[in-house]
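Taking it in order: structure first as structure tokens, then the write-up.
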Amino acid sequence: MRIENPDSISKAPDGRPDRDQPAWREQFPIDWPTDDFRSRRDFTKLLGLTSLAFVVGQIWIVLLAFRRRMPLGLPEMEVASPDELAVGDSKIFDYPRAGATCVLTRVASDRFVAYGQKCTHLSCPVIPKPEKNCLQCPCHEGVFDLATGRPLSGPPRRPLPRLRLKVSDGRVFAVGIEEGVL
Amino acid sequence: MAVPESHEFFLDPGRCIGCNACVQACSECDTHKGYSMIQLDILDRASSPQTIPVVCMHCDSPTCAEVCPADAIKRTGDGVVQSARKPRCIACNNCVLACPFGVPKMNTGMHLMMKCDMCYDRTSVGKKPMCASVCPSQALYYGTREDIGRLRPRSQPIHTFQFGGQEITTKVHLMVPRRPALFALDVGSAFRLAPAGDGGEDPLLAGMDGGALA
């Protein structure tokens with residue numbers, strides 16, 4: 001049983017309508033509009049344009065990478081006031097723009113670390129675990145080193161982007177991003 | 001682009017003077033690769049100067065495409081049956097043998113069946129086919145039905161042909177005398193009857209009232 005194709009203009013020799021015709025007539029139609037004919041040139045064009053798209057995509061990725069490496073000139077922002085955090089405490093803040101969530105942790109009385117909170121695996125927010133000296137991602141049990149941001153276990157393979165911090169008079173400022181992109 | 005529906009091809013063999021201009025012009029169509037796909041049939045030179053230009057009739061149920069084992073012969077949406085697709089044609093000659101009008105030709109050098117495609121590169125952009133544009137007697141006419149009705153008041157176009165048990169309707173029209181009124185040309189009757197020579201009665205029109213050219 002076939003459905004009527006509006007593009008079908010040729011009649012079968014027996015004169016019966018399309019729906020009474022055998023299935024092979026649908027697969028080998030005479031009418032050009034109902035045929036899926038691809039010429040060699042079309043196929044070559046498809047291959048060529050697809051390859052070109054890949055090349056353009058690669059060049060685009062390279063350009064993006066160059067852009068990332070350029071000094072961004074990020075603003076200096078105060079993220080924690082004096083004695084706001086006890087040792088082992090954390091604070092969530094947005095840096096350098098709203099929505100780019102970062103997490104600041106006081107690992108020692110004179111040492112702070114801050115990382116972008118997006119897990120480098122699938123962008124879940126990571127949770128600092130100072131008692132285990134790591135940051136943990138709850139989604140797929142990814143674990144990052146709290147001191148360096150390097151992945152320790154789980155699916156992530158890239159380190160967390162680390163924020164450059166400046167401490168003066170107990171106040172903590174974010175002044176830039178060391179690696180990666182928020 | 002498509003062939004405009006208002007324009008149709010009319011074949012009027014009675015006007016053919018056998019000048020071969022169409023044969024020459026056909027080979028100059030851009031898509032015909034320098035080969036002529038029209039043929040000028042000489043009927044019976046001993047008894048008549050009649051010649052008939054043979055162009056593809058562009059059947060509604062193209063026998064050439066029906067018999068093609070390689071699915072190479074295609075008909076465009078506007079009803080023009082194209083030459084065999086080069087990547088598919090296997091040069092088996094089925095279409096050459098099957099066509100009731102004897103249109104497809106095998107180009108043995110190129111292993112490709114080439115046939116009249118109504119100069120699709122020209123007609124699809126609104127131009128006349130090469131043959132119709134050069135025919136001095138307009139035995140090959142490309143234009144509207146109103147125009148040909150005005151120009152040839154004693155003729156009528158038909159596009160139904162009976163080949164034995166096979167009835168064929170075509171996109172190209174054949175001009176036949178208006179009287180006797182004729183709706184289909186029974187080609188097979190020519191073979192069933194005795195050769196015309198006894199009384200001069202046209203075997204093609206036998207059985208119709210009158211039986212003589214108007």
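Cβ-Cβ distance below 7 Å, separation of 6 or more or different chains: which pairs start in the stretch B:146-161 with a residue that is more than 17 Å from B:MET57 (Cβ to Cβ) and end on one that is hydrophobic (A, V, I, L, M, F, W, C) and surrounded by fewer than 16 Cβ atoms within 10 Å (Cβ to Cβ)?
Note: pairs meeting the criteria are B:ARG154/B:ALA214.
Could you tell me whether any residue of the stretch A:21-43 is within 24 Å of B:GLY165 (Cβ to Cβ), away from chain B (no Cβ under 12 Å) and without any contact (Cβ under 8 Å) to a residue 40 or more places away in the chain?
Checking the stretch A:21-43: at least one residue is within 24 Å of B:GLY165 (Cβ to Cβ), away from chain B (no Cβ under 12 Å) and without any contact (Cβ under 8 Å) to a residue 40 or more places away in the chain.
Can you name the residue in the stretch B:53-80 that is at the interface with another protein chain (Cβ under 8 Å from one of its Cβ atoms) and hydrophobic (A, V, I, L, M, F, W, C) and, of all such residues, is farthest from B:ALA25 (Cα to Cα)? Even if it seems obvious, please write down each step before you answer.
Step one: filter the stretch B:53-80 for residues at the interface with another protein chain (Cβ under 8 Å from one of its Cβ atoms), giving B:60-63, B:65-66, B:71, B:73-77, B:79.
Okay, now just the ones that are also hydrophobic (A, V, I, L, M, F, W, C), so B:65, B:73.
On the way: B:ALA65: 26, B:ILE73: 24 Å.
Going through the qualifying residues, I end up with B:ALA65.
Which of the residues belonging to the stretch B:64-83 are part of a helix (DSSP H, G or I) and either of a type in the set (D, E, K, R) or crowded, with 23+ Cβ neighbours inside 10 Å (or both)?
Taking the stretch B:64-83 first, the residues part of a helix (DSSP H, G or I) are B:64-67.
If the condition is that a residue be part of a helix (DSSP H, G or I) and either of a type in the set (D, E, K, R) or crowded, with 23+ Cβ neighbours inside 10 Å (or both), then B:CYS64, B:ALA65, B:GLU66 are the ones that fit.
Can you tell me which condition A:LYS11 does not meet? The list is (1) of a type in the set (Lys, Arg); (2) surrounded by 16 or more Cβ atoms within 10 Å (Cβ to Cβ); (3) within 14 Å of chain B (Cβ to nearest Cβ); (4) not in a loop (DSSP other than H, G, I, E, B), and all the others hold.
Unmet for A:LYS11, out of (1) of a type in the set (Lys, Arg); (2) surrounded by 16 or more Cβ atoms within 10 Å (Cβ to Cβ); (3) within 14 Å of chain B (Cβ to nearest Cβ); (4) not in a loop (DSSP other than H, G, I, E, B): (4).
Checking B:LYS74 against (1) within 21 Å of A:ARG40 (Cα to Cα); (2) touching a residue at least 12 places away in the same chain (Cβ under 8 Å): exactly one of these is not met. Which one?
Result: B:LYS74 fails condition (2) only.
Does the stretch A:46-65 contain at least one residue that is modelled with pLDDT under 90 and within 30 Å of A:ARG171 (Cβ to Cβ)?
No, every residue in the stretch A:46-65 fails to be modelled with pLDDT under 90 and within 30 Å of A:ARG171 (Cβ to Cβ).
How many of the residues in the stretch B:15-31 are buried (at least 19 other Cβ atoms within 10 Å of the Cβ) and not aliphatic (A, V, I, L, M)? Full working, then the answer.
Restricting attention to the stretch B:15-31, the residues satisfying the condition of being buried (at least 19 other Cβ atoms within 10 Å of the Cβ) are B:16, B:21-22, B:25-26, B:29.
Keeping just the survivors that are not aliphatic (A, V, I, L, M) gives B:16, B:22, B:26, B:29.
So the count comes out to 4.
Do the conditions hold for A:VAL167, that is, is it in a loop (DSSP other than H, G, I, E, B) and either of a type in the set (S, T, N, Q) or modelled with pLDDT under 90 (or both)? If you could, list the steps in order and put the result at the bottom.
Details: in a loop (DSSP other than H, G, I, E, B): no; either of a type in the set (S, T, N, Q) or modelled with pLDDT under 90 (or both): yes.
Spelling it out, it is not the case that A:VAL167 is in a loop (DSSP other than H, G, I, E, B) and either of a type in the set (S, T, N, Q) or modelled with pLDDT under 90 (or both).
Quickly run through the stretch B:97-120 and pick out the residues that are part of a helix (DSSP H, G or I) and in contact with a Cys (Cβ under 7 Å, 6 or more places away or on another chain). Before the answer, list the steps.
Going through the stretch B:97-120, the residues part of a helix (DSSP H, G or I) turn out to be B:97-98, B:120.
B:ALA98 - this is the single residue of the stretch B:97-120 that is part of a helix (DSSP H, G or I) and in contact with a Cys (Cβ under 7 Å, 6 or more places away or on another chain).
From (1) surrounded by fewer than 16 Cβ atoms within 10 Å (Cβ to Cβ); (2) without any contact (Cβ under 8 Å) to a residue 60 or more places away in the chain; (3) closer than 23 Å to B:GLY18 by Cα, pick out the condition that doesn't hold for B:LYS127.
That leaves (3) as the condition not met.
If only one of B:CYS64, B:CYS92 is within 15 Å of B:MET114 (Cβ to Cβ) and in contact with a helix residue (DSSP H, G or I) (Cβ under 6 Å, 6 or more places away or on another chain), which one is it? Write out each step before concluding.
On the way: B:CYS92 fails: in contact with a helix residue (DSSP H, G or I) (Cβ under 6 Å, 6 or more places away or on another chain).
After ruling out the rest, the residue left standing is B:CYS64.
Cβ-Cβ distance below 7 Å, separation of 6 or more or different chains: which pairs start in the stretch B:84-96 with a residue that is within 13 Å of another protein chain (Cβ to nearest Cβ) and in a loop (DSSP other than H, G, I, E, B) and end on one that is surrounded by 19 or more Cβ atoms within 10 Å (Cβ to Cβ) and not aliphatic (A, V, I, L, M)?
Listed by first residue and then by second, the contacts come to B:ARG85/B:LYS74.
Is it true that A:ASP31 is out of contact with any His (no Cβ under 6 Å at 6 or more places or on another chain) and under 19 Å from A:ALA147 (Cα atoms)? Break it down into steps so the answer makes sense when it comes.
Values: out of contact with any His (no Cβ under 6 Å at 6 or more places or on another chain): yes; under 19 Å from A:ALA147 (Cα atoms): no.
Considered against the rule, which asks whether it is out of contact with any His (no Cβ under 6 Å at 6 or more places or on another chain) and under 19 Å from A:ALA147 (Cα atoms), A:ASP31 comes out as no.
Specify which of the listed residues (A:PRO155, A:PRO82) is part of a loop (DSSP other than H, G, I, E, B) and more than 25 Å from A:LEU64 (Cα to Cα). Walk me through it before giving the result.
Values: A:PRO155 fails: more than 25 Å from A:LEU64 (Cα to Cα).
Residue meeting the stated conditions: A:PRO82.
The values are calculated or read from the model by the stated rules, or taken from the named source; none is laboratory data. Quick caveat: nothing in here was measured; it's all calculated off a predicted structure. In this analysis, Cβ positions are derived from the backbone assuming ideal geometry, glycine residues included, and neighbour counts consider all displayed protein chains.
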